[in-house]
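Peer 1: First, the structure itself, so that you have it in front of you.
The values are calculated or read from the model by the stated rules, or taken from the named source; none is laboratory data. All of these numbers come straight from a predicted model, not from anything done at the bench. Reconstructed Cβ throughout: ideal geometry from the backbone, glycine too, with neighbour counts over all protein chains shown. For the accessible areas, the whole protein counts, side chains as well, though only heavy atoms, and no ligand, DNA or RNA atoms are used. Shrake-Rupley method; radii C 1.70, N 1.55, O 1.52, S 1.80 Å.
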Amino acid sequence: LWAMISPLLDKRVAEKVCFAKTLDDIREHINDDQIPKYLGGGNSFEFVYDPPTDEDHKQMLDADARKQAVDRYREVCEKFEAATKEWCKATESPDSEEDGKERDPSLEREQLAKQVVDTYLEVDLRTRRRTYYHRQNMLSYDRSVPLTMKL
């Protein structure tokens, strides 16, 4: 099989491929604490699959809420695009408003950028089933991504 595949690869890539026949061959390239115990290494992590449930896609079933979320997302994207165009046109000194205060188009654009993310997350919640990473609380719909994993 390798004789058929290797000619298709770049020479530098093919040189990086190695086949390990024994545990000692594996240890030449991978630290022992990263090799699973069932292969003779020192890593005791065991993957446990958490299957999806009906609860995982409950919010996808509400078609009206999904349509509202998509419409709101499109509306916010259009406002963001308009604010970006205005921001691009702005000169070094912002225009003065009628009350004499200077207007900074980047502030409105930043607020709209946050709304784009928030409305996208709402659309995502209503159009895509929660993944394994959501079920394990590695990802969430509140814009947070935990930097630690439960092991």
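Peer 1: Out of all the residues in the stretch 45-90, which are assigned to a loop (DSSP other than H, G, I, E, B) and under 20 Å from residue 107 (Cα atoms)?
Peer 2: If the condition is that a residue be assigned to a loop (DSSP other than H, G, I, E, B) and under 20 Å from residue 107 (Cα atoms), then 90 is the only one that fits.
Peer 1: Sticking with this one: Which of (1) within 21 Å of the chain's Cα centre (by Cα); (2) at pLDDT below 90; (3) open to solvent by less than 70 Å² (accessible area, probe 1.4 Å) does residue 148 not meet, given it meets every other one?
Peer 2: The failed condition is (3).
Peer 1: For residue 24, state whether it is assigned to a helix (DSSP H, G or I) and in contact with a strand residue (DSSP E or B) (Cβ under 8 Å, 6 or more places away or on another chain).
Peer 2: Here the answer is no, as residue 24 does not meet what is asked.
Peer 1: Something else now. Look at residue 90 and say whether it is of a type in the set (A, V, I, L, M, F, W, C), at pLDDT 90 or above and at negative phi.
Peer 2: On the way: of a type in the set (A, V, I, L, M, F, W, C): yes; at pLDDT 90 or above: no; at negative phi: yes.
No, not satisfied.
Peer 1: Additional query: Restrict the check to the stretch 73-80 and report whether at least one residue is modelled with pLDDT under 90, among the β-branched types (Val, Ile, Thr) and open to solvent by less than 80 Å² (accessible area, probe 1.4 Å).
Peer 2: For the stretch 73-80, residues modelled with pLDDT under 90, among the β-branched types (Val, Ile, Thr) and open to solvent by less than 80 Å² (accessible area, probe 1.4 Å): absent.
Each row is one residue, and each column tells you yes or no for (1) modelled with pLDDT of 90 or more; (2) within 28 Å of the chain's Cα centre (by Cα); (3) surrounded by 11 or more Cβ atoms within 10 Å (Cβ to Cβ); (4) of a type in the set (D, E, K, R).
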site	(1), (2), (3), (4)
96	no, no, no, no
101	no, no, no, yes
126	yes, yes, yes, yes
130	no, yes, yes, yes
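Peer 1: Sticking with this structure for a sec: Does the stretch 1-53 hold any residues that are among the small types (Gly, Ala, Ser) and touching a residue at least 40 places away in the same chain (Cβ under 8 Å), and which are they?
Peer 2: Passing the criteria: none in range.
Peer 1: Considering the stretch 23-67 alone, what residues qualify as being over 30 Å from residue 124 (Cα atoms) and open to solvent by less than 70 Å² (accessible area, probe 1.4 Å)?
Peer 2: 23, 25, 26, 32, 35, 36, 40, 41, 42, 43
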